[in-house]
Amino acid sequence: RIHMHKVFKRIAQRGKCSLGWFYGFKLHLICNDKGEILNFMITPGDVDDREPLKVKSFVEFIYGKMVGDKGYIGKDLFCKLFIDGIQLITKLKNNMKGGLRSMYDRILLRKRAIIETVNDQLKNIAQIEHSRHRSFPNFIVNLIGGIAAYCLFPKKPRINLERVYDNQLTLF
């Protein structure tokens with residue numbers, strides 16, 4: 001059906017994800033620990049996941065730690081983000097040597113599933129996943145409307161990152 005698809009001709013591209021091949025677009029999101037969307041970018045399906053992070057305007061107001069999956073591993077990307085004040089934290093691939101990592105970073109890696117929950121809510125509740133758009137503006141309006149609806153949700157997925165200071169190991 002890709003060749004018969006005339007609405008997104010020369011705009012959408014074939015891409016591959018963990019579920020297989022698809023034709024369309026990718027939605028790149030940056031969320032904070034409260035489940036709020038800080039920034040988003042739409043790219044054709046064949047764009048590498050690391051490319052939006054290389055765009056200065058996408059990460060312009062972001063600082064601190066950024067957690068991603070193994071698809072974001074890259075020395076050039078890590079150095080570029082580190083210079084901009086962002087520490088990229090990812091799991092290691094099987095053939096990589098392990099390094100020392102703080103307990104806080106390990107906890108953040110385990111809590112990375114928040115972005116999957118946000119994606120799930122955008123697809124299933126805000127209904128941004130649609131396969132029969134009649135025009136490109138209709139697609140953009142549907143997408144931005146779904147993101148705006150998500151921003152108004154009263155309860156968003158969040159990470160509880162309260163630090164508890166235990167003084168049991170304190171010497172007098």
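The values are calculated or read from the model by the stated rules, or taken from the named source; none is laboratory data. Quick caveat, the model's predicted, so the values are computed rather than measured. Here the Cβ is made from the backbone with ideal geometry for all residues, glycine too, and neighbour counts use every protein chain on show.
What to note about this one:
- Matching option when the condition is in contact with a helix residue (DSSP H, G or I) (Cβ under 9 Å, 6 or more places away or on another chain), in a strand (DSSP E or B) and touching a residue at least 40 places away in the same chain (Cβ under 8 Å), among Lys65, Lys26: Lys65
- Filtered residues of region 53-64 (kept if touching a strand residue (DSSP E or B) at 6+ places or on another chain (Cβ under 7 Å) and surrounded by 14 or more Cβ atoms within 10 Å (Cβ to Cβ)): Phe58, Val59, Ile62
- Enumeration of residues in region 49-62 that are in contact with a helix residue (DSSP H, G or I) (Cβ under 9 Å, 6 or more places away or on another chain) and either basic (Lys, Arg) or free of Cβ contacts under 8 Å to residues at least 12 places away in the same chain (or both): Arg50, Lys54
- For region 29-48, the set of residues classified as surrounded by fewer than 16 Cβ atoms within 10 Å (Cβ to Cβ), free of Cβ contacts under 8 Å to residues at least 60 places away in the same chain, touching a strand residue (DSSP E or B) at 6+ places or on another chain (Cβ under 8 Å) and closer than 29 Å to Asp105 by Cα consists of Asn32, Leu38, Asn39, listed by residue number.
- Annotation note: of Arg112, Arg132, Arg101, the sole residue that is closer than 28 Å to Phe22 by Cβ and either without any contact (Cβ under 8 Å) to a residue 24 or more places away in the chain or aliphatic (A, V, I, L, M) (or both) is Arg132.
- Qualifying residues in region 142-162 (those that are at pLDDT 90 or above and of a type in the set (Val, Ile, Thr)) - the one farthest from the chain's Cα centre (by Cα): Ile144
- Here the condition is being modelled with pLDDT of 85 or more, part of a helix (DSSP H, G or I), of a type in the set (S, T, N, Q) and under 29 Å from Ile147 (Cα atoms); of Gln121, Gln87, it holds for Gln121 alone.
- Unique match (being assigned to a strand (DSSP E or B) and not acidic (Asp, Glu)) among Leu38, Leu100, Leu53, Leu109: Leu38
- Residues being over 19 Å from Leu27 (Cα atoms) and either in contact with a Gly (Cβ under 8 Å, 6 or more places away or on another chain) or β-branched (Val, Ile, Thr) (or both) - total across region 132-163: 2
- Looking across region 85-107, the residues that are in contact with an Asp or Glu (Cβ under 9 Å, 6 or more places away or on another chain) and either loosely packed, with under 13 Cβ neighbours inside 10 Å or under 30 Å from Gly24 (Cβ atoms) (or both) come down to Ile89, Thr90, Lys91.
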